[in-house]
Each structure stands twice: as C-alpha cells, then as structure tokens.
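Data block below; observations after.
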Amino acid sequence: MRLRAKTTLLSSLLTVTMLLAALAATSAAIANIERTDDQRLAEIQARDLAQHISDMRSPDPETVTQDTNLIKGTRPNVTSVRIWQLSRGDFVEKAVASGSAPATPIPEDTKDALRRGDINIPSISEHSLYRSFATIFENGRASGAVEIVQRFDSIGTVALRYLKSVIWMFLVAIGLILIGTYFLFRQLELTTKLETEQGILRDRVREATIELQKRNQQLQETNLELWRTNRRMNELGRLAAAGQTAAHFAHEVGTPLNLISGHVQLLKSDLDRDPRDAESRIRTISAQIERIERIVRRMLDKTRFETELAPLDLNSVLRKLCDAMSPALDKRDIRLVETLADTVPLMAGSSDRLQQLFLNLINNSLDAMPGGGEIQIHTKVEGKAGKAQRILVDFIDTGTGMTPEVMSHIFDPLYTTKDRGHGTGLGLVIVSQIVAEHGGRVEVESELGKGTRFRLSFAAIPSDVPMVENHETELELGVR
C-alpha cells in the first residue's frame, strides 16, 4: 500500500507538475500573444484617434476628452489616454481621460519623430507598461500627439485567470464561433448583394450606352438628311436663278471691265512717265481679263457645279483687291482706310468668289457716295486660338445710308433703288449667295444720311487640321 500510495502520489505529483508546466508554458504563450495583440490594438487606437482629431477643423476640448474616456473604457488594462499639444517646440498636456495615471515625460527621440510628423512612431516599453504614440496634424503640419499607455499582465496573472475561467473558455469559444459565423455569413451576404447590385448597374450602363449609340445614330442620320435637304435647296436656288443669268452676267462682267477701263486710262499716263509702272498695270488688266473668262465659264456651269473651297488668307485677298481698286477709288475721290488684323487664321474659300463678293460691296458703297467719301475695311478674329474661331470683315462707308424699309428688301432679287440703267438689283443677292457658299453670315446696319456697315463672318479652319498646299488660293490680280 505504501508503494502504491507512493507510486500514486508520485504519479499525481508528476501529473500535477506536467500540468503546471503545461499551464506555465501555455500561460507564457498566452501572455506573449495578449501582449502582442494589446500592443497592436493600442497603436491602432492611437492612430485612429489622432486621425479623428486631425480631421476636426477646430477640435473641441470637451469632445476630445470624451473620445479619450471612450478609448480608456474599452479595455481595463489601459491606464492612460492623453492628448499632447505641440507648443513652442515642446509637448504640453491638452486633454486626459478620467482616472489616467500621472503623465510621464516623452523621450526626446520620440518628440523628434512626432515633430517631423512621422507616421509610424516607435512604441516604448517600460517594465510592465507599453506607451504608444501617434501624430496629430493640422493643415499638413504636426500639431500634437496621442498617447495610450497600457499595462501588461504577468504570466502568473494570466495563469490564475486561465484556471478560474477554464470552464468558461468553452462557452466563450462557442460564443466566438457563433459571433464569427454570424459575421462571416453576414459578410458573404453583403458581398453577394453588392455583386448583384454591381451586375444590375452594369446592365443599366450597358442599356444606357446602347440607347445613346442609337440616339447618336439617329442624330447622324438626321444631320445627313438635313445636309441633303440643304443641298437640294441650293440646287433649287440655282435653278430659280437660271432666269436671271443674263442680268447676273452683265453685272459681274461690268465690274472687272470698269477696273480695266480705269487701269487703261492710268496706263496712258504711266507710259509717258515711267514704263515700269505700265508693266504692273498690264499685269492687272491681264488678270481682270482672265477673271472675266472665269466668270463666263462659271455662269455657264452655274447649275451644275458647286464652289470649290481651299485654304486661303483673307487679309491677302483684301490687300490685293484694295490695290486693284485704288485707281477707281482715286478717280471717285474716295479714301480707302484698311485696318486689318495682324494675323488671321486660314479659312476655306474661293479667292475668285470672295473677290467678287468684296467688289460688289465696294461698288455698292461707290454708288452711295457720288460726291466722294470714305470706305473702311476692318478684319478681326473672334474666339481664342485652339478653339472655334471666326473671321469678321467690316465694310463701312459714309454714303447716303438706307431706310429700314429699303434694308428689308436689299437681298431680294432685282430689287434696286438706283435709276434705270444704273443697277440690276443683283449685287447684294450675289453677296448673300457667296456668303452662304462659304458657310458665313452677313449683317447690315444702316441709317439714312449716316452711311452703312456690312459685317461678314466666316468660320476659320481649326489649327489642328492639316493644310494642303493649293496654288489656286492666290488672288490672280497681277498686283504685287
């Protein structure tokens, strides 16, 4: 019995020793795990609180104190939660949770890291205490710090707590499993719901995209139909103007013939004065004769061809035209004032048709100033470079002007206020037609006895459109 008792006692002692050793090892492992978890949790809470205070525009001391009390009350081993404010290069206490331990000075290396605004501040371990810090920012600069101090349980305390709660651990484990299962399935449910909503959203976006494509297709078809209708209207307009071809022809040819007549008269005096000046006059006369030939060809083909447009410099067209018109203007005692923009973007146009347009406007002004006067020609650019721009051309005269009644009919075919034999009523009709051919607009302002202003507006070619050299864009007037 003694041996049995001794054996039983020895076995019991051995078992107890092994259990105690296992308990000690387990307690040590649990203590280390808890310490690591508590350290990480304290660091996270410090960073979260610092971020929360940083996001406040003007932190209220009472609100900050409530936040510190809330964190301190979440875990019993948190001994202090303290807010430090950076003032004059040093940290002073601003707020502290109720029941916190007295403040301990912050080490200098930790202060330096906080002043620099470091994100990850090394924590400090002092005996059984662990101090975690996080930087508070204001307007991008470090303005303070959050300090959380917690106490670590010893291995013996953990073991004692483990012995007392060993039975409850199973219940806690079951509870944790239930809670974990609930949150797991809750997360899966939320994920499934989110994926379903994303699928619905993708379907709606796809349906909206398809609908938008259909609308765009309808818009393109509508634009194409409008273009075709506009083209048919232009063709009908040409057919309607076929009956006016004879009068139109006489009006168009008469203008260059008048120029030729003026240059021939000046040619006689140039031959006596300086033959070299006569050469320039001859080139101008030759260019006007060629222009008459082009007018004849265009009048014959008017109902079959559209105006061919090419990039051109409108200022260049106007300068050469003004040089060509100078004899006729001098003869009529009319002063020409040119105010052209320094640079204008290119536009798509026909130099011949634009010359015809400008000549008609100038001739219209000449007829309105039988006793002489002044014609002003201005150009300017509307809009900024790189965006949609328009070129504006103003023709201003000091002639007799027009009444509102006359202005309402000036673009009507065969309407004229001139004496019989001095006007066909087609000059401004041709102006309107040529402006329309170039996709432009024409505006008229006039007051009886004070003159008239015609404003022409043309779209400029965008700067990102590649230019193709076209020698036909030069105005063939022979003037250099």
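So who's got an amide H within less than 5 Å of the one on Leu346, skipping anything under 5 residues away but keeping other chains? H placed 1.01 Å off N, in plane.
Ile461
How do Thr68, Thr222 stack up against each other in accessible area, from largest to smallest, with a 1.4 angstrom probe?
Values: Thr68 0, Thr222 75 Å².
From most accessible down to least: Thr222, Thr68.
Phe137 accessible area, nearest 10 Å², 1.4 Å probe?
60
Quick one: grab the alpha carbon gyration tensor of the stretch 57-146, order the square roots of its eigenvalues as a ≥ b ≥ c, and give me rounded if a/c is under 1.5, else prolate or oblate depending on whether a/b is larger than b/c.
Working: a/c = 1.84, a/b = 1.14, b/c = 1.61.
It is oblate, given that a/c is not under 1.5 and a/b is not larger than b/c.
Compare Asp330, Asp367, Asp397 by solvent-accessible area with a 1.4 Å probe and give them largest first, with all protein chains kept in place.
Numbers: Asp330 115, Asp367 75, Asp397 10 Å².
Result of the area sort, largest leading: Asp330, Asp367, Asp397.
Quick one: of Lys384/Lys450; Lys331/Lys450; Lys320/Lys380; Lys268/Lys450; Lys72/Lys111, which pairs are farther than 28 Å apart, Cα to Cα? Could you put the intermediate results ahead of the total?
Numbers: Lys384/Lys450 33 Å; Lys331/Lys450 23 Å; Lys320/Lys380 18 Å; Lys268/Lys450 37 Å; Lys72/Lys111 23 Å.
Among Lys384/Lys450; Lys331/Lys450; Lys320/Lys380; Lys268/Lys450; Lys72/Lys111, the Cα-Cα distance tops 28 Å for Lys384/Lys450; Lys268/Lys450.
With every protein chain present, what accessible area does Leu86 have (1.4 Å probe, heavy atoms only), rounded to the nearest 10 Å²?
Roughly 50 Å² of Leu86 is accessible to a 1.4 Å probe.
Accessible surface of Met18 in the full protein assembly, 1.4 angstrom probe, to the nearest 10 Å²?
Rounded to the nearest 10, that gives 120 Å².
The values are calculated or read from the model by the stated rules, or taken from the named source; none is laboratory data. Note that the structure is a prediction, hence the values are computed from the model and not measured. Please note that ligands, DNA and RNA were not included when accessible areas were found on the heavy atoms of the full protein model with its side chains. Shrake-Rupley method; radii C 1.70, N 1.55, O 1.52, S 1.80 Å.
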